[in-house]
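Notes to accompany the following structure.
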Amino acid sequence: MTTSQPNPRLTRWEHHSEWPLAAVVFLVTYSLQVLVEPRGVAGAVLNTVMTVLWVTFVVDYVVRFALAEARARWFVRHLFDLATVALPFLRPLRVLRLVVLVFTLQRAFGNALRGRVVVYATAVATLLVYASSLAVLDVERGAPGANIVSFGDALWWALATITTVGYGDQYPVTVVGRLIAALLMVGGISLIGVITATVASWIVQRVSEDNTASNTATADQIEALRDEVRQLSEALAVTGDRRPPSHGARSYRPEGSRRSR
């Protein structure tokens with residue numbers, strides 16, 4: 001059974017094309033579009049920036065697809081990337097590109113995840129809540145019967161959704177808004193699962209380390225006792241060799257027998 005070797009060119013391109021800075025620029029630009037709603041020249045500039053970023057992501061997807069050896073399998077495994085570049089007109093769903101930041105955080109804290117689980121979870125949760133708030137406000141604001149009409153409403157809804165509390169006082173009424181809600185629910189449950197599994201793994205590791213240390217200490221104590229017993233045995237053996245030989249007790253002879261001699 002042979003295993004496919006990674007394509008070095010594709011690996012090198014993916015390493016250099018993971019642009020967290022582009023995701024940050026996208027987040028800032030999208031935030032301005034939703035919260036400030038600029039008009040005129042400012043709005044045109046922001047739209048141009050978003051278009052350039054989208055073209056950049058499309059080029060990245062096309063290059064990675066061209067460099068892939070098993071393209072059919074690569075295509076199936078990267079349907080998420082296809083969705084983020086194939087829906088340019090659904091602006092709220094463009095926040096999916098922020099997953100680049102999540103991958104960056106995962107690489108940064110992955111090796112020390114158990115020691116920095118709080119930092120990692122806080123960063124990812126904050127990113128999910130903020131991005132979802134922007135997206136749902138962008139699509140819900142102005143919709144008939146909408147109850148999420150401000151960033152405060154959107155933020156409260158995102159916090160209640162990601163924690164799986166779901167008060168129900170704020171909820172999306174549009175199809176895209178409900179899709180964003182579903183993605184946020186899945187993200188929140190997954191994040192809670194990762195945190196729970198990490199903490200459980202850390203506890204098991206600590207208990208295992210304590211048991212190992214205790215067993216090691218017990219083994220050392222037993223070995224020390226064996227050494228002491230061995231030394232005592234050797235000392236007793238040496239003492240027995242140095243003791244003068246015993247000639248035994250004199251035989252008793254009656255007085256009469258002596259005189260008869």
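Restricting attention to segment 209-216, does a residue exist that is assigned to a helix (DSSP H, G or I), over 30 Å from ILE162 (Cβ atoms) and at pLDDT 70 or above? I'd like the intermediate steps shown before the answer.
Of segment 209-216, the ones assigned to a helix (DSSP H, G or I) are 209-216.
Restricting the remaining residues to those that are over 30 Å from ILE162 (Cβ atoms) gives 209-216.
Pick out the ones that are also at pLDDT 70 or above and you get none.
Looking for residues that are assigned to a helix (DSSP H, G or I), over 30 Å from ILE162 (Cβ atoms) and at pLDDT 70 or above, one finds none in segment 209-216, hence no.
With the structure loaded, tell me whether VAL149 is modelled with pLDDT of 80 or more and not small (Gly, Ala, Ser) or whether it fails that test.
yes
Only one of these is surrounded by 12 or more Cβ atoms within 10 Å (Cβ to Cβ), part of a helix (DSSP H, G or I) and at pLDDT 75 or above: VAL76, VAL41, VAL55. Name it. Outline the logic, then answer.
Working: VAL76 fails: surrounded by 12 or more Cβ atoms within 10 Å (Cβ to Cβ); VAL41 fails: surrounded by 12 or more Cβ atoms within 10 Å (Cβ to Cβ).
Every option except VAL55 fails the conditions.
Let me confirm something: among ASP138, ASP169, which residue is surrounded by fewer than 17 Cβ atoms within 10 Å (Cβ to Cβ) and either among the hydroxyl-bearing types (Ser, Thr, Tyr) or at pLDDT below 90 (or both)?
Going through ASP138, ASP169 in turn, just one is surrounded by fewer than 17 Cβ atoms within 10 Å (Cβ to Cβ) and either among the hydroxyl-bearing types (Ser, Thr, Tyr) or at pLDDT below 90 (or both): ASP169.
Tell me which of these VAL119 doesn't satisfy, since it passes every other one: (1) more than 30 Å from SER201 (Cα to Cα); (2) surrounded by 13 or more Cβ atoms within 10 Å (Cβ to Cβ); (3) modelled with pLDDT of 70 or more.
(1)
Are any residues in segment 1-17 at pLDDT 65 or above and either buried (at least 16 other Cβ atoms within 10 Å of the Cβ) or assigned to a loop (DSSP other than H, G, I, E, B) (or both), and if so, which ones?
ASN7, LEU10, TRP13
Among the residues of segment 170-204, write down those that are free of Cβ contacts under 8 Å to residues at least 40 places away in the same chain and within 19 Å of VAL124 (Cβ to Cβ).
ALA182, MET185, VAL186, ILE189, SER190, ILE192, GLY193, THR196, ALA197, ALA200
Would you mind stating whether VAL207 is loosely packed, with under 12 Cβ neighbours inside 10 Å, farther than 29 Å from VAL25 by Cα, without any contact (Cβ under 8 Å) to a residue 60 or more places away in the chain and of a type in the set (A, V, I, L, M)?
Yes, satisfied.
The values are calculated or read from the model by the stated rules, or taken from the named source; none is laboratory data. All values reported here derive from a predicted model rather than from experimental measurement. Here the Cβ is made from the backbone with ideal geometry for all residues, glycine too, and neighbour counts use every protein chain on show.
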